[in-house]
Amino acid sequence: MRRGISSLKSLGFVKKSTISNKIFSIALRFHSNSPPSLLENYKNLVEQGKVQHDPYQERVAFELEKLLSRLQQYEKDMEDYYVKLAEWEEKREEERLKLLVKEAKEKQETGGGGIWTSVNKQRNRILEKFALFGKKGAEIEPGVGRWGSYLNRERKLDSLVGRRPIVPPAPKGLYIYGNVGSGKTMLMDMFYSATEGMVKHRRRFHFHEAMLNINAHMHKIWMNQVEGKSLQSNITSWITNLPFDMKVKEWLDAEERYKQDVQMKNILLAVADEFLMDQQADERGASILCFDEIQTVDVFAIVALSGILSRLLTTGTVLVATSNRAPRELNQDGMQRDIFQKLVSKLEEHCEIILIGSEIDYRRFIAQRSNDQANYFWPLESSALKEFEKKWCQVTNQLGGQITSETIPVMFGRLLDVPESCNGVAKFTFEYLCGRTVGAADYIALAKNYHTVFISDIPLMSMENRDKARRFITLIDELYNHHCCLFCSAASSIDDLFQGTEEGTLFDLESFQFETETEGGKLRTNVLAEGNVGSGGVPSGIVSMLSGQEEMFAFRRAASRLIEMQTPLYLEGVRSLHPYFQKQHQGFGNILSSNLQAGASS
C-alpha cells in the first residue's frame with residue numbers, strides 16, 4: 001500500500017526544485033508588476049466612460065486589490081502545506097493498515113475473537129439463563145463494537161502519526177452584498193481575472209451551477225457506496241491475500257465497510273474535499289472560490305452550503321462571494337436555524353462583509369446612453385419578427401449557413417435536443433426552453449456549447465406562467481454568467497416583461513407565502529441514487545421555500561441583466577472572450593461590431 005515519495009512527486013504533491021522555484025517567483029513578480037492593478041483597471045473603466053464612478057465600488061476594488069497582494073505569499077505557504085499533508089496522509093494510512101493487521105493477527109491467534117469475544121460469549125450465556133435471548137442466544141449489535149474499535153484506532157493513529165497538519169492562516173476573503181446592478185458581479189469577475197497566473201487552483205460558480213456540482217458529487221459518492229466500487233478496487237484484493245482464515249477476513253472487510261459508512265455520514269466533507277479538484281494541476285497551492293449570488297432558497301441549500309463552505313474555509317480556501325443580502329439576512333424563512341447560524345459564523349470569521357450601498361442599477365444607467373434594444377425585438381408583430389429572423393439568417397449565413405439539429409450532453413447522463421443550430425449558434429422558442437421540465441443543468445450545458453442563443457416568442461410573465469418565468473430567469477442567469485450573446489423576440493419591452501397581465505400579476509405575496517415545490521416528493525436518498533434534477537434547477541424532492549422578497553429580487557436581476565446584454569460594453573466583452581468570433585468567422589464579428597456601433601451612436 002505504500003506509494004512512496006517518488007509517487008508523490010509523480011502526482012505533483014512535492015515542490016519543484018529550488019531553481020524552478022526561483023524562476024517561478026521571477027515570473028510571478030513580472031506578471032504581477034506588468035499589468036495594471038485591479039483598482040487601476042476599475043479607474044480606467046471609469047475614465048473610458050464604460051463604468052460610472054461609485055465610491056462603494058471603489059472601496060470594494062481597493063479591498064480586492066489588498067487581497068490580491070496577500071495571495072502571492074499565501075500560494076507558496078499552501079504549496080508547502082500540501083507537501084506535509086500528502087506525507088501525513090500516506091503515513092497515517094500505512095499505520096492504519098498496520099493496526100488492522102495487528103488486530104486481525106490477534107483474532108487469528110485467539111480463534112477469531114480475542115478477549116472481547118470470550119467476554120461477549122460469557123455475557124450471552126448468562127443472559128440465556130434468564131431466557132432473554134431465546135434458545136440460540138444473540139450477538140452484541142455489530143455497530144457498537146465497530147464504532148468502539150474505529151474510535152480506538154483513530155486515537156492510536158493520532159498518537160502515532162500526529163494530527164492533521166495545520167493550514168496556514170488564510171487572508172480574509174470578501175463577502176460583497178448589495179442591490180441589483182450595483183456592480184457586485186463585475187468586481188468579483190475583475191478579481192477572478194486578476195488571479196489568473198497567480199493562483200493555480202480557482203473556480204467561479206454561480207449559485208445554480210454550484211448546487212448542481214454539489215448534487216453531482218454527492219450522487220457519485222452515493223453510487224460508489226451503494227455499488228461498493230471503491231471497496232472492490234482498494235480493499236478486497238488486499239484482504240484476500242492476507243494469511244488469515246475466512247472469519248478474520250470477514251471481520252477486516254466489515255471494519256473497512258464500517259469506515260466507509262462513517263464517511264458517508266459526513267458526505268458533505270468528502271464533497272467539499274473534491275469540490276475544487278477539477279481545476280487542480282500538477283501542484284496544489286492556494287484555492288480561490290468565487291461564488292456569485294449566494295442564496296439559501298431551501299433546506300438543502302442551507303445544509304449543503306453550511307457543510308461545504310465551512311469545510312473549504314477551514315482548510316484554507318479563500319472565498320470571494322456576492323449576494324443581495326448580508327449573511328445574517330440570508331435565511332428570511334428561518335429554516336434550519338442552528339445549521340444556518342454555523343454558516344453565518346464561518347462567513348463572518350473568514351470574510352470581510354462589505355456593502356455596496358448604491359441604489360442605482362448601473363446596468364440600466366449605462367444602457368440609457370446606448371441602444372438598449374440592439375438584439376431585443378418587440379412586440380411580437382410582423383416588423384419585429386422579420387428583424388429577428390433577418391438577424392438569424394445573417395448570423396447563420398456568416399457561419400456557414402447549414403442549419404442542423406443536434407443533441408448535447410447534460411449532467412447525470414441526460415441529453416438536450418437542440419432543434420436548430422449552426423457552428424456555435426442555437427435557436428429555440430421560449431416554450432421549448434422554459435415550458436418543459438428543464439432547468440439549470442440544461443441551461444448550463446446550453447451556455448457551454450453555444451456562444452450565441454436566439455430565443456423567440458417570449459411572453460409577458462404573470463401568475464399563470466410563473467414556473468416558466470422562474471425557468472426563464474435561471475436561463476438568463478446562466479447565459480449571462482457564461483458571457484453568451486443573446487437575441488430575443490418578445491411580447492413587450494424588457495421593463496414590462498415581468499409586470500404581469502390582465503389575468504394576474506407575476507408577484508402575489510398572499511398566494512405565494514405558503515407555496516412549496518415537491519416535484520414528486522422523492523426522498524433525498526432516492527434523489528442521490530437517481531441523480532435527478534428538477535425543473536427549478538435544484539435536486540428533485542427538495543422543498544422550495546423561496547421568500548417573496550427573494551423572488552422579486554430575481555425578477556429585477558433578470559430584467560437588469562437582459563438590459564446589460566444589449567449594451568455595447570457587454571457585446572464588446574463577448575467578442576473579447578470568444579475569439580471564435582474574430583478569427584474563425586470574422587463576418588459574425590462584423591455583425592456584433594455593427595451592433596456595437598449602433599449602440600454607441602444612439
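Worth a mention:
- Within the stretch 188-220: backbone nitrogen closer than 17 Å to the LYS448 label point (7 Å, Cα to C-beta): 202-220
- Amide H to amide H distances under 5 Å link PHE454 with ALA426, LYS427, PHE428, PHE487, where only residues 5 or more positions off or on other chains count and H is placed in the peptide plane.
- Per-residue SASA remark: THR407, around 70 Å² accessible (1.4 Å probe; ligands, DNA and RNA not included).
- Protection proxy ranking of 563-576, 57-70, 439-452, 336-349 - average other beta-carbon atoms within 10 Å, highest first: 439-452, 563-576, 57-70, 336-349
- Flagged links, alpha-carbon separation over 31 Å, of LYS84/LYS265; LYS43/LYS200; LYS259/LYS448; LYS184/LYS265; LYS184/LYS448; LYS265/LYS448: LYS259/LYS448; LYS184/LYS265; LYS265/LYS448
- Here the extension length gained between ASP80 and ARG414 equals 116.1 nm, from 0.36 nm per residue of separation less the Cα-Cα distance.
- Efficiency of FRET from Cβ geometry, GLU109 and SER576, R₀ 51 Å, rounded to 0.05: 0.10
The values are calculated or read from the model by the stated rules, or taken from the named source; none is laboratory data. The shown structure was predicted, so the numbers you read here are calculated from the model rather than taken from an experiment. Cβ sites come from the backbone with ideal geometry, for glycine too, and all protein chains shown count toward neighbours. Note: accessible area is taken over every heavy atom of the protein model, side chains too, but ligands, DNA and RNA are not part of it. Shrake-Rupley method; radii C 1.70, N 1.55, O 1.52, S 1.80 Å.
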